[in-house]
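Visitor: Before I ask anything, here is the structure I am working with.
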């Protein structure tokens, strides 16, 4: 039975902007991050990485490294037990331990430059690093496969000889296409035949990185009892526990993961790269704790960027401004192993439009690049880059208002998404209307600086938002405050947003609910902070636990007063008798007397929620271009988003602003620049150009609140959809400025100059 | 009776039909009935008696978290789609 909730607006805590509970520790530098972890007897681990993008490993000789002074252990893939084969559902994600272990440390082939081949534990970091240089690896170099076209060519080198592709339900060997699936409804051919204008365009995209400042890190102890204790910067400590246990082939109960603060993740810290290696090094070092921290090059070359790829969109419209048919063909780079965000990209690509005749083809393609990982709204920004430019092109050709066209074709409740699923309550219309009515949209573009060109772009984006498992414990303190344990990593202010939801129910100020994130042994299972699920699902658990605590406290008040518990009411922080107005006690006063009524009180809630509360965003981008250099400067930017209910408006705005900035960097500058040999040429922040605050104007935000009826406070996830519209909004603005459309990502200065010179 | 949207790959089992109507009080019962009417369906959606890893069953508007125990209302739409996770 799914409970639904009526929208409210008379909240006391929800919608306010208290100072974050973890703020003091962070601004004073006391917060403990992964690199800060210190354990007695700590030694360091370092990794030897492949210099080649594609090569067969003929031999690995670690003998010299093992003999080096200060070295405790060397590990390779051969030290790991034979992994369980096949796809395994861990309860929150599907993993393939066989491939994940090969990604952790290469077995028979290296599949990207930077692929880990061996690791060394030594008395200090430099000694470990020097020892890696003593490891001799004999490679047979192979031709690198650098993009989906090369991967899908008839004579393509095959990356994974054991891969059996699923091509529309047929098993196919000797392929780099791990999966080809299709979603289809309506009659596509008839839809195109009925169209008055059909526009078809193909777009290419390069891999990009999430660009979190803190590198991956892990510290692990595999002690004499066989228990592994680990600390790691992660979006999901249970994911680290389960993936580490899976790769080491020990029970989950034999792994304890302690959370540490996270210096950015954005989806990139949902995978495990170091913890199992550190644990194995610890085991081979007789239980010494081993710490590993990636350097920036390794983060770029060997963690999980967002996929690049190739997308073709064909859209047909009638002269009355209605979409008749769309066919989208999405080919995403999975990286070295299957599992790109193609599934999500296929769900998102048509989600802003009511399309009667729809076909989506999705391809998951392996290439000689690092195994891709999630990046906010994984798969959606790439899809938006393509379809939103086709919509823009149609409006340009027909002379239609670009927001009115989107409104006339907008998805609403009951519309079928591209995968056929029917939408529940969504707020796209409200979001588009807010954009249409915004000061930005109704202001003139303005005159560019002398010699410059100026353009405006608009685009929409979608993310479905997640649910999944979450646990919250509440412990009533004698002073009337409440300690809150949650299992969700706080990557964007969720300590505050969860505590605030509990505080709203308890009638307490947010400051009187103290959130804490304990180890995996000390809280019920909680899925990774990702999919924009945490404020929704963990918040739901906090709401349930708080209601339970109030119920228990009502029973204690009844004991105190010698009345029936059913007669006790709770409102605005006070318990009172419904029949005797003299009987009334505040939350804190009752807390002080709880001991007399039966002992301490605590409440727990664990939930497993279906995904609900899909989110839409519409962005407007004004930018200026120097035609001499091709440089773009964003001069005004407005991000409109349906946030359901903003629990902490500042943090919701922060998510939106951050997403816009990341998306603009993705659109205009960022890319994995791949050399002929398959290596990434720009693996430093100097060459991988991310925007800084100096590059950006103030990102104006407009939060639309269409409450999610499946959440007690109407929460919709806010963390991911902000990244979808900026790519096409910026690209459309460039088209508006220079009169030519750039279909190859990034829309960088060189391409702008080329387009202008054509 | 639930309305099942047949995944593109399985339409060969349903003579090309994109939608079929099948009885089933729970998702598990529905899949049993699908298998009896369209042999081969179960192999696509189940592994070791559970939904296949990487596959999501959408019952109504959202992917179920209750697996084969998910109760189905009379007019529920059921979709079998690739499972996704976020970032």
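The values are calculated or read from the model by the stated rules, or taken from the named source; none is laboratory data. Nothing here was measured: the structure is a model prediction, and the numbers come from that model. Virtual Cβ from ideal backbone geometry, glycine too; neighbours counted across all protein chains shown.
Visitor: Inside the range A:370-420, can you point out the residues that are touching a helix residue (DSSP H, G or I) at 6+ places or on another chain (Cβ under 8 Å) and free of Cβ contacts under 8 Å to residues at least 12 places away in the same chain?
Guide: Selection gives A:395, A:401.
Visitor: If you don't mind, another one. Residue A:358 passes all but one of (1) within 14 Å of chain B (Cβ to nearest Cβ); (2) over 24 Å from the mean Cα position of the chain (by Cα); (3) closer than 19 Å to residue A:269 by Cβ; which number fails?
Guide: Against the list (1) within 14 Å of chain B (Cβ to nearest Cβ); (2) over 24 Å from the mean Cα position of the chain (by Cα); (3) closer than 19 Å to residue A:269 by Cβ, residue A:358 comes up short only on (3).
Visitor: State yes or no: is residue A:87 touching a helix residue (DSSP H, G or I) at 6+ places or on another chain (Cβ under 9 Å) and either surrounded by fewer than 20 Cβ atoms within 10 Å (Cβ to Cβ) or within 14 Å of chain B (Cβ to nearest Cβ) (or both)? Break it down into steps so the answer makes sense when it comes.
Guide: On the way: touching a helix residue (DSSP H, G or I) at 6+ places or on another chain (Cβ under 9 Å): no; either surrounded by fewer than 20 Cβ atoms within 10 Å (Cβ to Cβ) or within 14 Å of chain B (Cβ to nearest Cβ) (or both): yes.
No: the conditions fail for residue A:87.
Visitor: Might you let me know whether the range A:312-324 holds any residue that is within 14 Å of another protein chain (Cβ to nearest Cβ) and either surrounded by fewer than 24 Cβ atoms within 10 Å (Cβ to Cβ) or closer than 30 Å to residue A:396 by Cα (or both)? Step through it out loud before you land on a result.
Guide: Initially, the range A:312-324 is screened for residues within 14 Å of another protein chain (Cβ to nearest Cβ), giving none.
No, the range A:312-324 contains no residue that is within 14 Å of another protein chain (Cβ to nearest Cβ) and either surrounded by fewer than 24 Cβ atoms within 10 Å (Cβ to Cβ) or closer than 30 Å to residue A:396 by Cα (or both).
Visitor: Can I ask one more? Can you tell me which of A:613, A:573 is within 14 Å of another protein chain (Cβ to nearest Cβ), closer than 28 Å to residue A:10 by Cβ, touching a helix residue (DSSP H, G or I) at 6+ places or on another chain (Cβ under 8 Å) and touching a residue at least 24 places away in the same chain (Cβ under 8 Å)?
Guide: Just one listed residue meets the conditions, A:613.
Visitor: Oh, and also: Exactly one of (1) surrounded by fewer than 19 Cβ atoms within 10 Å (Cβ to Cβ); (2) out of contact with any helix residue (DSSP H, G or I) (no Cβ under 8 Å at 6 or more places or on another chain); (3) more than 14 Å from chain B (Cβ to nearest Cβ) is unmet by residue A:428. Its number?
Guide: Among (1) surrounded by fewer than 19 Cβ atoms within 10 Å (Cβ to Cβ); (2) out of contact with any helix residue (DSSP H, G or I) (no Cβ under 8 Å at 6 or more places or on another chain); (3) more than 14 Å from chain B (Cβ to nearest Cβ), residue A:428 violates only (1).
Visitor: Additional query: Looking only at the range A:348-366, decide whether some residue is in contact with a helix residue (DSSP H, G or I) (Cβ under 6 Å, 6 or more places away or on another chain), over 24 Å from residue A:247 (Cβ atoms) and part of a helix (DSSP H, G or I). Let's see the steps before the verdict.
Guide: Within the range A:348-366, the subset in contact with a helix residue (DSSP H, G or I) (Cβ under 6 Å, 6 or more places away or on another chain) is A:348-349, A:357, A:359-360, A:362, A:364-365.
When the remaining residues are screened for being over 24 Å from residue A:247 (Cβ atoms), the result is A:348-349, A:357, A:359-360, A:362, A:365.
Now drop any that are not part of a helix (DSSP H, G or I), which leaves A:348.
Yes - at least one qualifying residue is present in the range A:348-366.
Visitor: On to the next question. Looking at A:680, A:696, which is the one that is away from chain B (no Cβ under 14 Å), in contact with a helix residue (DSSP H, G or I) (Cβ under 6 Å, 6 or more places away or on another chain) and within 30 Å of residue A:113 (Cβ to Cβ)? I'd like the intermediate steps shown before the answer.
Guide: Numbers: A:696 fails: within 30 Å of residue A:113 (Cβ to Cβ).
Exactly one of A:680, A:696 is away from chain B (no Cβ under 14 Å), in contact with a helix residue (DSSP H, G or I) (Cβ under 6 Å, 6 or more places away or on another chain) and within 30 Å of residue A:113 (Cβ to Cβ), namely A:680.
Visitor: Let me ask something else about it. Every residue in the range B:52-70 that is facing another protein chain (nearest Cβ under 8 Å) and not in a loop (DSSP other than H, G, I, E, B), please.
Guide: Hits for the range B:52-70 are B:58, B:62, B:63.
Visitor: Could you tell me which numbered condition residue A:457 fails, if it satisfies all but one of (1) buried (at least 24 other Cβ atoms within 10 Å of the Cβ); (2) outside the structural domain of residue A:412 (by TED's automatic domain parsing)?
Guide: (2)
Visitor: Condition first: in contact with a strand residue (DSSP E or B) (Cβ under 7 Å, 6 or more places away or on another chain), part of a loop (DSSP other than H, G, I, E, B) and surrounded by 20 or more Cβ atoms within 10 Å (Cβ to Cβ). Now tell me which residues in the range B:1-19 satisfy that.
Guide: Of everything in the range B:1-19, those that are in contact with a strand residue (DSSP E or B) (Cβ under 7 Å, 6 or more places away or on another chain), part of a loop (DSSP other than H, G, I, E, B) and surrounded by 20 or more Cβ atoms within 10 Å (Cβ to Cβ) turn out to be B:6, B:7.
Visitor: May I ask you to verify whether residue A:86 is more than 27 Å from residue A:340 (Cβ to Cβ) and assigned to a loop (DSSP other than H, G, I, E, B)? Walk me through how you get there before you give the answer.
Guide: Working: more than 27 Å from residue A:340 (Cβ to Cβ): no; assigned to a loop (DSSP other than H, G, I, E, B): yes.
Criteria not met by residue A:86.
Visitor: Let me ask you something else. Would you pick out the residues in the range A:373-390 that are assigned to a helix (DSSP H, G or I) and either on the phi > 0 side of the Ramachandran plot or within 10 Å of another protein chain (Cβ to nearest Cβ) (or both)?
Guide: Applying the first criterion (assigned to a helix (DSSP H, G or I)) to the range A:373-390 yields A:380-390.
Once the filter is applied, which keeps residues that are assigned to a helix (DSSP H, G or I) and either on the phi > 0 side of the Ramachandran plot or within 10 Å of another protein chain (Cβ to nearest Cβ) (or both), the range A:373-390 yields only A:380.
Visitor: If residue A:670 meets every condition in (1) surrounded by fewer than 20 Cβ atoms within 10 Å (Cβ to Cβ); (2) out of contact with any helix residue (DSSP H, G or I) (no Cβ under 6 Å at 6 or more places or on another chain); (3) part of a loop (DSSP other than H, G, I, E, B) apart from one, which number is that one?
Guide: Result: residue A:670 passes all but (1).
Visitor: OK, next. Being crowded, with 20+ Cβ neighbours inside 10 Å and assigned to a helix (DSSP H, G or I) is the filter; apply it to the range A:395-423 and report the residue that is farthest from the other protein chains (Cβ to nearest Cβ).
Guide: Result: A:395.
Visitor: Report yes if residue A:370 is within 28 Å of residue A:99 (Cβ to Cβ) and within 14 Å of chain B (Cβ to nearest Cβ), otherwise no. Steps first, answer last, please.
Guide: Working: within 28 Å of residue A:99 (Cβ to Cβ): yes; within 14 Å of chain B (Cβ to nearest Cβ): no.
It is false that residue A:370 is within 28 Å of residue A:99 (Cβ to Cβ) and within 14 Å of chain B (Cβ to nearest Cβ).
Visitor: When the residues of the range B:30-50 are filtered to those that are free of Cβ contacts under 8 Å to residues at least 24 places away in the same chain and under 26 Å from residue A:612 (Cβ atoms), which remaining residue is farthest from the other protein chains (Cβ to nearest Cβ)?
Guide: Quick first cut of the range B:30-50, residues free of Cβ contacts under 8 Å to residues at least 24 places away in the same chain only: B:32-33, B:35-37, B:42-43, B:46-50.
This time we only want the ones that are under 26 Å from residue A:612 (Cβ atoms), so: B:46, B:50.
Details: B:46: 12, B:50: 8 Å.
Ranking the qualifying residues of the range B:30-50, first place goes to B:46.
Visitor: Grab the helices (runs of 4 or more DSSP H) fully contained in the range A:228-305, keeping just those with 2 or more residues being at pLDDT 95 or above and under 27 Å from residue A:689 (Cβ atoms).
Guide: On the way: elements: A:237-248, A:275-284, A:296-302.
In the range A:228-305, the matching helices (runs of 4 or more DSSP H) lie at A:296-302.
Visitor: Just checking, which of A:151, A:178 is part of a strand (DSSP E or B) and surrounded by 21 or more Cβ atoms within 10 Å (Cβ to Cβ)? Step through it out loud before you land on a result.
Guide: Details: A:151 fails: part of a strand (DSSP E or B).
One residue alone meets the criteria, A:178.
Visitor: Considering A:712, A:691, which residue is assigned to a loop (DSSP other than H, G, I, E, B), without any contact (Cβ under 8 Å) to a residue 40 or more places away in the chain and in contact with a helix residue (DSSP H, G or I) (Cβ under 6 Å, 6 or more places away or on another chain)?
Guide: On the way: A:712 fails: without any contact (Cβ under 8 Å) to a residue 40 or more places away in the chain.
Sole residue among the options that is assigned to a loop (DSSP other than H, G, I, E, B), without any contact (Cβ under 8 Å) to a residue 40 or more places away in the chain and in contact with a helix residue (DSSP H, G or I) (Cβ under 6 Å, 6 or more places away or on another chain): A:691.
Visitor: Return the residues of the range A:542-573 that are at positive phi and touching a strand residue (DSSP E or B) at 6+ places or on another chain (Cβ under 7 Å); say none if nothing qualifies. Walk me through it before giving the result.
Guide: Residues of the range A:542-573 that are at positive phi, as a first pass: A:562, A:572-573.
Result: A:573, single match.
Visitor: So which pairs qualify, if the first residue must be in the range A:619-635 and assigned by TED's automatic domain parsing to the domain that holds residue A:657 and modelled with pLDDT of 95 or more, the second must be buried (at least 23 other Cβ atoms within 10 Å of the Cβ) and assigned to a loop (DSSP other than H, G, I, E, B), the Cβ gap must be under 7 Å, and the two must be at least 6 apart or on different chains?
Guide: From residues that are assigned by TED's automatic domain parsing to the domain that holds residue A:657 and modelled with pLDDT of 95 or more, the pairs are A:619/A:725.
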